[in-house]
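Structure first, then comments.
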Amino acid sequence: MTTNETGDLRTAGVVQVLDVGCGVASFSAYLLPLDIHTMSFAPKDGHENQIQFALERGIGAMIAVLATKQLPFPSNSFEMAHCSRCRVDWHEDDGILLKEVDRLLRPNGYFVYSAPPAYRKDKDFPTIWKKLSNLTSAMCWKLIAQQVQTAIWVKPEDDLCRQQNAERKLLTLCEPEEDPVPSWRSPLRNCLRLNPDQPYFQKLPPRPERLSVYSRSLEKIGVTPEKFDKHNRFWREQVSEYWKLIGVNLTEIRNVMDMNAYYGGFSVALSALPMWVMNIVPATMSNTLSAIYDRGLIGAYHDWCVPFSTYPRSYDLLHTFHLFSHYKDHVEGCGIEDIMLEMDRMIRPQKDAVSLDHSNTLVKSTSLNVLDNRTWINSKMQCIRKFHITSCGRSFAITVTKES
Ligand SMILES: C[S@@+](CC[C@H](N)C(=O)[O-])C[C@H]1O[C@@H](n2cnc3c(N)ncnc32)[C@H](O)[C@@H]1O
């Protein structure tokens, strides 16, 4: 890997990392002081509650598995994918899982793989390694370092070699997607995507400059530089209003989720504080998650009609901006009550949720609490300590503090 003599990964251009099979997310904890932000994930398997431990350490992580579905992250988002003591069978099924990693890596992105030490004496390891080597060279990944059972490959910057390998029948290219959909519950694809944006390849600056960069992803979804500036200004002002509203000790907040993140302005307004933010883009909203990643932030697609892949009581602050009105008006099959039930599950006791929305939507959710004692929300009122609706900037906000 091309770092300078300090070995600092930032000097190799690494700003965002995907840690596959993260355990308790110690790699992310190591990278955080370098201002490298990591999306760590692992399944609920024999390693028990590893993601819960990660979240209790205040490190960003979610439950997910590389198996049959695409991961809920946009293409071309990470400068590095990492899998240490990794038990993923990358060599199986024609390398379909490697192709998913290829989708997620930015051009020139690194794949760092270290096999479990137990493999050292495994008689099958030479065969596994041979299969891995064949698959990665067909994908035009260049092996740039190898020591004991750790190897580092780099994804090519352009598609020339892949096109040649496809002509030589060494790999299958994906049919170009006319209108790429969010990778939410989509099956894995056993083919390699060419990068349609390659001619417009944008070299993004490191953080903190990346936080305010106007990216090609924004341009593609029709967000003008003026609209982007306005969004950022709005969130800087709005967030300072929030602190007045909630009256919290900011050092007590570590795990934050923005449940409808738009272009990530809320998260950027918090970026100087010792918190991390999971930016969620609902799969039914405009697909802004690439723009969020291009700002050096992390996040995932989700549909709030189903539970989020996390443990109960794992977030210190939940934020919803026009989420209730979106689901009320645009999504069949789940309502404000369902979303609030999920918020109640995710939020830690004595921590806050802040919602900013059209006043009539918020009044509806508060009046459900106050007036209608048959609804779920009213029964949950017993565990709500603070609940108020306030004029907050140009919209209305409610804050809810969950009781212990
Ligand atoms: C030996 S642990 C290593 C944990 C961590 N990377 C470290 O080095 O401390 C193996 C990890 O791989 C995860 N894992 C196994 N199969 C996986 C899959 N298909 N997708 C994602 N993670 C997987 C396990 O849950 C576990 O977190």
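Things to note:
- Flag for S240 being small (G, A, S) and under 16 Å from R295 (Cα atoms): no
- Any pair with Cβ under 9 angstrom, 6 or more apart, that starts in segment 62-76 at a residue that is farther than 20 Å from S26 by Cα and hydrophobic (A, V, I, L, M, F, W, C) and ends at one that is more than 9 Å from the ligand (Cβ to nearest atom) and part of a loop (DSSP other than H, G, I, E, B): A67/L188; L71/S183; F73/S183; F73/I298
- K203 vs. criteria on the phi < 0 side of the Ramachandran plot, assigned to a helix (DSSP H, G or I) and surrounded by fewer than 19 Cβ atoms within 10 Å (Cβ to Cβ): no
- When L132 is tested against (1) at pLDDT below 95; (2) near the ligand (Cβ under 10 Å from one of its atoms); (3) out of contact with any strand residue (DSSP E or B) (no Cβ under 6 Å at 6 or more places or on another chain); (4) not aromatic (F, W, Y), just one condition goes unmet, and that condition is (2).
- Residue among S286, S290, S240 that is more than 25 Å from L32 (Cα to Cα) and either in contact with a Cys (Cβ under 8 Å, 6 or more places away or on another chain) or not assigned by TED's automatic domain parsing to the domain that holds S28 (or both): S286
- Remark: F111 falls outside the filter, which requires a residue to be surrounded by 17 or more Cβ atoms within 10 Å (Cβ to Cβ) and within 11 Å of the ligand (Cβ to nearest atom).
- Test set (1) surrounded by 15 or more Cβ atoms within 10 Å (Cβ to Cβ); (2) free of Cβ contacts under 8 Å to residues at least 12 places away in the same chain; (3) polar (S, T, N, Q) - Q164 fails condition number: (1)
- Only one of the numbered conditions (1) farther than 12 Å from L98 by Cα; (2) surrounded by 16 or more Cβ atoms within 10 Å (Cβ to Cβ) is not met by L132, and that is (1).
- Residue within segment 113-121 that is under 23 Å from Y293 (Cβ atoms) and assigned to a strand (DSSP E or B) present: yes
- Residues of segment 274-292 classified as among the hydroxyl-bearing types (S, T, Y) and in contact with a Lys or Arg (Cβ under 9 Å, 6 or more places away or on another chain), total: 1
- Of the residues R236, R207, the single one that is closer than 24 Å to V14 by Cβ and touching a residue at least 24 places away in the same chain (Cβ under 8 Å) is R207.
The values are calculated or read from the model by the stated rules, or taken from the named source; none is laboratory data. Just so we're clear, the structure is a prediction, and the values are computed from it rather than from any experiment. Virtual Cβ from ideal backbone geometry, glycine too; neighbours counted across all protein chains shown.
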